[in-house]
Amino acid sequence: MAAIKNIALGILYGLWDSIRGMTLVLHIDNEVARQNAELETMRQLRRMDREQYRQAQRSPSPVPSSAAAMIREEYAKRAEANTDERTLEKIFKKKPVEQPQPQAEKKIAKKLFKCCLLNGGFTWLSIVLFENVLLPTLKFCLTIFYGAQSDTLPFVWSWLHPILSLIFGMMWVLPIFMLSKIVSSLWFADIANAAYRVRKGRPQLIPGISKLVADFLFSMVVQILFLVQSMLVNLVPVKYVGSSLCFLHLCLLYSLYSFEYKWFNMGWELHRRLTYIEKNWPYFLGFGIPLTVLTNMSSSVIVSSCIFSIFFPLFILSGNEAKPIVDTTNFSLRLFSPVVFISNLCFGGNPWSKTNRLLAQQRKLAEKQRQLQREELLLKQKKQQYMLQQQRQHEAMREHSRSRTPQLGQPHHRYAQPPAFDASRVRDSSASSTHSSNAATPSSFRPPPFFGGGAGGLHSNVPLVPTPVPGAPRTPVVVHEESGPDDWNL
């Protein structure tokens, strides 16, 4: 039940998009004119900036940029509009007459009108006048000439009617029809390109001239064969089955016609376009219903072609505006597969021949090699990224451990410690200070070092005086004065 609901919704959305997109013809010319005006404005601004840059290079005085000037003008206008005072000059000052903006040229609308005039005014109208006015008038004249009860009138009309129809078709309808098809194809391409630029920007065609031409020729062969296939399925003797299958084929074919310009500008190749239609067939079935109904209103091939050429530009615009509904079904209608197979036979020969099988195997091997190369490159990149990440982690851990590990020769303490006592430095300082006394004393005698604090600190040369015990008799302290350079016996 859910699958049927999704299919029905896809058909309805396709039908709605095909009709709604036709309204683009009302404002597409204004969109094109607006985009062209924006591009021209940007060009003028760039030109002004270049000129001001050149003037700034020639003259030493600074030249304000166009953006700064525009901002100042805008601020001045706002200040003037928001002021609470007026002057007589402002009251009696004539407002500048706004020049009417030029209307956008209706290029696409003109081309649509020309398509309608060429296909409906000349081809279709001429066929209608020939069959409904000229032939009945000629038959009426023959009836008056031979009489209504004459036996010769049916004989004369039996050979005169096909001859006149053949002459009219060969001398007028066929040349006009071929000319209208060629000219309409050019106009269709212009309309499609203009609509694509409005919505998508610059077209991205298939790279390579050879691929472009091959895709165009193959697409034309596939479409012709698919049209023949739709005529063949119409011959199914079961009631309503043949006509329904033919209707389904024509809906998908007209949807392909409508979307082909857009997909071609997007750079899609034919196999991708056909696969996309086969996978999302409910939407494209609904999209092609209106054009199929219009073209089946007449049994004449020429009249149906004229109707198609009249309304087809509108469906080009609808296809450019539409956003197809995807994933409505889980199965695809492989209706294009037989004609693609036949087209491959026409262009590439027998696919089961030895040469084509070898070529197919070579293509598969080349594809596998490319896939393996891509996988190897991806693995190499991942390995390099992993090695770089591991190296960064090792460096970070090394820096962290270096910051936490103490240096050699220095013990690690949690808190700051006082400076350590060095006895050798004290001995060296005391030895240097008593140089003169050491000269008179024996070499075996060395005075003991002094310890304790004083005015000179830990390594001071001033001897320390012991502190007496309270209550003990005081003894005189003899201070030995050191001999200086003046007392030396030279």
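The values are calculated or read from the model by the stated rules, or taken from the named source; none is laboratory data. If you're wondering where the values come from, they're calculated on a predicted model, not measured in any experiment. Neighbour counts are summed over all protein chains in view; Cβ atoms, including those assigned to glycine, are modelled from backbone coordinates with ideal geometry. Each accessible area value is taken on the protein alone, full model and side chains, heavy atoms only, with ligands, DNA and RNA left out. Shrake-Rupley method; radii C 1.70, N 1.55, O 1.52, S 1.80 Å.
So that you can scan it fast, the table gives a plain yes or no per residue for (1) open to solvent by 50 Å² or more (accessible area, probe 1.4 Å); (2) at pLDDT 85 or above; (3) under 17 Å from Ala195 (Cα atoms):
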site	(1), (2), (3)
Lys262	no, yes, yes
Arg272	yes, yes, no
Ile302	no, no, no
Ile342	yes, yes, no
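So how many residues does the stretch 173-219 have that are farther than 28 Å from Asn344 by Cβ, free of Cβ contacts under 8 Å to residues at least 40 places away in the same chain and small (Gly, Ala, Ser)?
Final tally of qualifying residues: 1.
Hey, among Thr275, Thr292, which residue is in contact with a Leu (Cβ under 7 Å, 6 or more places away or on another chain) and either in a helix (DSSP H, G or I) or among the charged types (D, E, K, R) (or both)?
After ruling out the rest, the residue left standing is Thr292.
Taking the options Arg47, Arg78, name whichever one is modelled with pLDDT under 75 and over 30 Å from Ile176 (Cβ atoms).
When all the criteria are applied, what remains is Arg78.
Would you check if Lys239 is assigned to a loop (DSSP other than H, G, I, E, B), out of contact with any Lys or Arg (no Cβ under 8 Å at 6 or more places or on another chain), of a type in the set (D, E, K, R) and open to solvent by 90 Å² or more (accessible area, probe 1.4 Å)?
yes
Restrict the check to the stretch 316-324 and report whether at least one residue is modelled with pLDDT of 85 or more, exposed (fewer than 12 other Cβ atoms within 10 Å of the Cβ) and in a loop (DSSP other than H, G, I, E, B).
yes
Among the helices (runs of 4 or more DSSP H) confined wholly to the stretch 119-198, which include 3 or more residues that are exposed (fewer than 13 other Cβ atoms within 10 Å of the Cβ)?
In the stretch 119-198, 135-146, 152-168 are the helices (runs of 4 or more DSSP H) which contain 3 or more residues that are exposed (fewer than 13 other Cβ atoms within 10 Å of the Cβ).
Is one or more of the residues making up the stretch 208-225 charged (D, E, K, R), within 28 Å of the chain's Cα centre (by Cα) and open to solvent by 30 Å² or more (accessible area, probe 1.4 Å)?
Within the stretch 208-225, one or more residues are charged (D, E, K, R), within 28 Å of the chain's Cα centre (by Cα) and open to solvent by 30 Å² or more (accessible area, probe 1.4 Å).
Suppose we keep only residues that are surrounded by fewer than 20 Cβ atoms within 10 Å (Cβ to Cβ) and not basic (Lys, Arg) within the stretch 274-288. Which one would you say is nearest to Leu333 (Cα to Cα)?
Glu278
If we scan the stretch 1-17, do we find a residue that is closer than 17 Å to Ala109 by Cα, of a type in the set (D, E, K, R), surrounded by 13 or more Cβ atoms within 10 Å (Cβ to Cβ) and touching a helix residue (DSSP H, G or I) at 6+ places or on another chain (Cβ under 8 Å)?
Within the stretch 1-17, none of the residues are closer than 17 Å to Ala109 by Cα, of a type in the set (D, E, K, R), surrounded by 13 or more Cβ atoms within 10 Å (Cβ to Cβ) and touching a helix residue (DSSP H, G or I) at 6+ places or on another chain (Cβ under 8 Å).
Quick one: what pairs do we get from the stretch 1-25, first residue without any contact (Cβ under 8 Å) to a residue 24 or more places away in the chain and assigned to a helix (DSSP H, G or I), second open to solvent by 90 Å² or more (accessible area, probe 1.4 Å) and not acidic (Asp, Glu), C-beta under 9 Å, 6+ apart or different chains?
none
Quick check on the stretch 54-73: of everything there that is more than 34 Å from the chain's Cα centre (by Cα) and among the hydroxyl-bearing types (Ser, Thr, Tyr), which residue is modelled with the highest pLDDT?
Out of the qualifying residues, it is Ser59.
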